[in-house]
Amino acid sequence: MRLKLYHAKWSLCSQMVRVAMAEKGLSYDSNLIKLVDHYPKGENLSPEYLAINPKGVVPAIDLDGEIITESKDIIKRLNSLTGEKDIDLWPGDVDQDKLNSWVEDTTLTDGVPLGKTLGTAIPPFSLILINFMIKKYLSFFQAIKVFWKHPLRDRGRGFLIMKFFNIHKPVAASSYKVLARSLMDIEKNLEDHGPYFLGKFSHIDINLMCCFHRLSDVRLEKILEIEELPNVKKYWELLKSRESYKKGILDFYGEKENGDLEELFGHTTNSIHLKPLTQMIKNYKA
Ligand SMILES: N[C@@H](CCC(=O)N[C@@H](CS)C(=O)NCC(=O)O)C(=O)O
């Protein structure tokens, strides 16, 4: 079977699918899509791409004509295929309800308001990046066009607002509680089961790897290393040591991605959110 993946270098959901591909040892034909929020000539709202995914978002996969969208469903389908590596991303002998609910909660699920779950609480922290790229790459007319054309109305509206305003600070602050609580839940889970979230490596570790990596992109990696979360720290090291971390995430950082990060953060070592988040975790622990 031929796998044709439509994805973007810097998309959290695409990273999840690529990591799953690498974990399974599956090869694929790569179709990199330039997203409208960071390329003046974005491709995800083109008629050709909308014919593949009418929602105009990545990732999407074509398996000999069977099109699947939604990262969570793609990974589940990939897990049913045989790759070069013998790994089950949905092991039957781990807590199924927990696996299901955590995968659900760490996916960027459409319709779930930002900041409600861990999956939707991470994007608010990376809004600083999206805000920056929209201002840098989209002209006023392009922003209006995206607003009119984006099948996900909230998305189009959000991008247009970001062309004119910086919305990342208040939005991220409203997600502190969810992020802090989730990190503490992960810590507890690792303490009870370790070394992976449910003991052995599974779909949830892929999602957490990508969520944690996004935190490191926006200079929040230190929150994964505080003394209150010793198991999270070890876990993050373990996730980074997997080959799939390099193959699915790091290998897709090119000149543009590194250049944008450098331009935005320069010599900033830590995000402004690090202190309040750390304090919140300390207070919860006390
Ligand atoms: N629920 C979808 C979310 C897909 C999604 O929002 N993709 C983002 C990148 S992570 C995207 O394509 N953004 C571009 C846009 O909205 O224009 C999934 O999990 O696959």
Footprinting proxy, Phe132, Phe141, Phe197: sorted fewest to most Cβ within 10 Å, the residues are Phe141, Phe132, Phe197
Among DSSP bridges having both ends in the stretch 3-79, what percentage is antiparallel? Round to the nearest 5. 65 percent
In whole angstrom, largest first, the equivalent ellipsoid semi-axes that the Cα gyration tensor gives for the chain are 28, 26, 16
When the Karplus curve 6.51 cos²θ - 1.76 cosθ + 1.60 is applied with θ = phi - 60°, which whole-Hz ³J(HN,Hα) does each residue of the stretch 23-32 get, with x for Gly and Pro? 4, 7, x, 9, 9, 8, 7, 9, 10, 6
5 Å is the cut-off here: which amide hydrogens, built 1.01 Å from N in the peptide plane, fall below it relative to Gly199, excluding neighbours closer than 5 in sequence? Gly194
Give the range of the longest stretch in the chain that excludes all GluC sites (Glu not before Pro) found in loop regions by DSSP and having at most 13 other beta-carbon atoms within 10 Å. 85-224
Most fluctuating residue of Thr120, Thr107, Thr269 in a GNM of the chain with Cα springs under 10 Å: which is it? Thr269
Each residue of the stretch 118-124 in order: what ³J(HN,Hα) in whole Hz does its phi give by Karplus 6.51 cos²θ - 1.76 cosθ + 1.60, θ = phi - 60°, with x for Gly and Pro? 4, x, 9, 8, 6, x, x
How high is the relative contact order of the stretch 1-96, in percent, counting Cα pairs under 8 Å that sit 6 or more residues apart? 33 percent
What number does the stretch 3-79 give for Rg over Rh if you use C-alpha atoms and the Kirkwood radius? 0.95
Please report the antiparallel percentage of DSSP beta bridges with both residues in the chain, rounded to the nearest 5. 70 percent
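No lab work stands behind these numbers, since they all come straight from the coordinates. Since the structure is predicted, the reported quantities are computational estimates derived from the model, not experimental observations. Cβ coordinates were reconstructed from backbone atoms using ideal geometry, including for glycine residues, and neighbour counts include every protein chain displayed.
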